[in-house]
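The values are calculated or read from the model by the stated rules, or taken from the named source; none is laboratory data. All values derive from a computational prediction rather than experimental measurement. Here the Cβ positions follow ideal geometry from the backbone for every residue, glycine too, while neighbour counts run over all protein chains shown. Keep in mind that these areas ignore ligands, DNA and RNA; they rest on the heavy atoms of the full protein, side chains included. Shrake-Rupley method; radii C 1.70, N 1.55, O 1.52, S 1.80 Å.
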Amino acid sequence: GIGFPKQKPLFDAIIEFSKKMEPELDFEQEGASQRNACNAIDSAGPELASRVVVPRPIEGLITHRVLVMDYIEAKKMPANDRDPSVTDAQRQDLAESMCAAFAHLMLVKGEFMCDPHPGNFLVQLSRRGTFQPKENKSNLGTGPWKTGSKLVILDFGMSAKLKNEARLGFCELVLSIRDGDTKRMVRAFERIGLRLDEATDQDKDNVMTFMTHFYRDTAPAAENREKFMEYIKEVQKKRAAEEKKGIKHKNGMNIFNAVSVDWLMYNRTYSLLRGACCILGGRVPLLDIFCAAATRGLARNNQQAYLPSAPPPVKEKKSGVCAWMSMLFVVFGVLLAAAGGVGLQMASGRHWMGKAGLEKWMAMVVSA
């Protein structure tokens, strides 16, 4: 911030953000974040829980460098919006499920993974829906679930937990954007930890214009880029006309006197989420979905969220070739950790050798 004093609030927030991301390679912390996400999705109701899956970490099989979770049969998310193996209806279902899940985690629960790029999603493609809300009206702000295709969310190493006041501020923010209420937007910024002490009324109106564009519906990637460039050209044209009249306004983050790390974590996640939806090719009413979550988030009381009961125990199976493969994976992960490597995430070996057998091997290699 010494060379760029106007950007010091932003630099300070970036430094704080980087410190919060340091535990990303701690699988015990990642397992806790992933478990919280499982509970949040499961307790959100069947409309969301039937569309989105988060693999559940296996208790007793998590160390600082090894994370074992439920195995989910699924395929990689399409790498672009032209993949012929995925229909337009499936793309729409998956994109809406993705946005509804993150809107719930961000605005209702206030705890979410910050890295929603395409590599952290799997898909279970289907052509027939299994859950339909009454009268095709969704409490999530989405359209009807037409195909039954499910989204799998992975990698909770980079996760964030908003301060409750900031979470409520983001709820107020998206509702103010929907209503075009600039005064409410400014109050929401203050709750999030941003200040616009020196901003003029025109500056605030410009921020509202940008936020409205930021929360526009998603579109296939090429179309989305085209709309963004149209917006940039329009802003530049307007700014040039104002400068000719001698009117000057603050630009970018210079408009804020203070910036919070909650703002950075939230907007990093939201921006990546938009990008993933555009890669899928979905046309998602993002503002509708986030406003639906914001309404639930503001109504949320202080009672502890319902935690679903533990899944039924899996019947033990006799060891075989797969059991030895599972054992080798676990041993490899621990040896990699001991050698200073990053560690290993793996699907649960309990489907191959039984949980008791896997726990026994984990205990032996970890204590070695």
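The table that follows gives values for the structure above.
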| read-out | value |
| --- | --- |
| Loop sites in region 46-127: trypsin sites (Lys or Arg not before Pro), DSSP, at most 13 other Cβ within 10 Å | Arg82, Arg127 |
| Where labels lie 7 Å past Cα in the beta-carbon direction, separation of Glu234 and Asn164 in nm | 4.0 nm |
| Interatomic Cα distance distribution for region 75-116, bins of 5 angstrom, percent | 5, 20, 24, 19, 15, 12, 4, 0 |
| Mean accessible surface per residue for region 68-199, computed with a 1.4 Å probe while every protein chain stays in place, in Å² | 44 Å² |
| Accessible surface, per residue, of region 205-291 when the full set of protein chains is kept, probe 1.4 Å, Å² | 50 Å² |
| Region 179-282 - percent of accessible surface contributed by carbon and sulfur, probe 1.4 Å | 52 percent |
| Size of region 171-278 as Cα extents on the principal axes (Å, biggest first) | 39, 34, 24 |
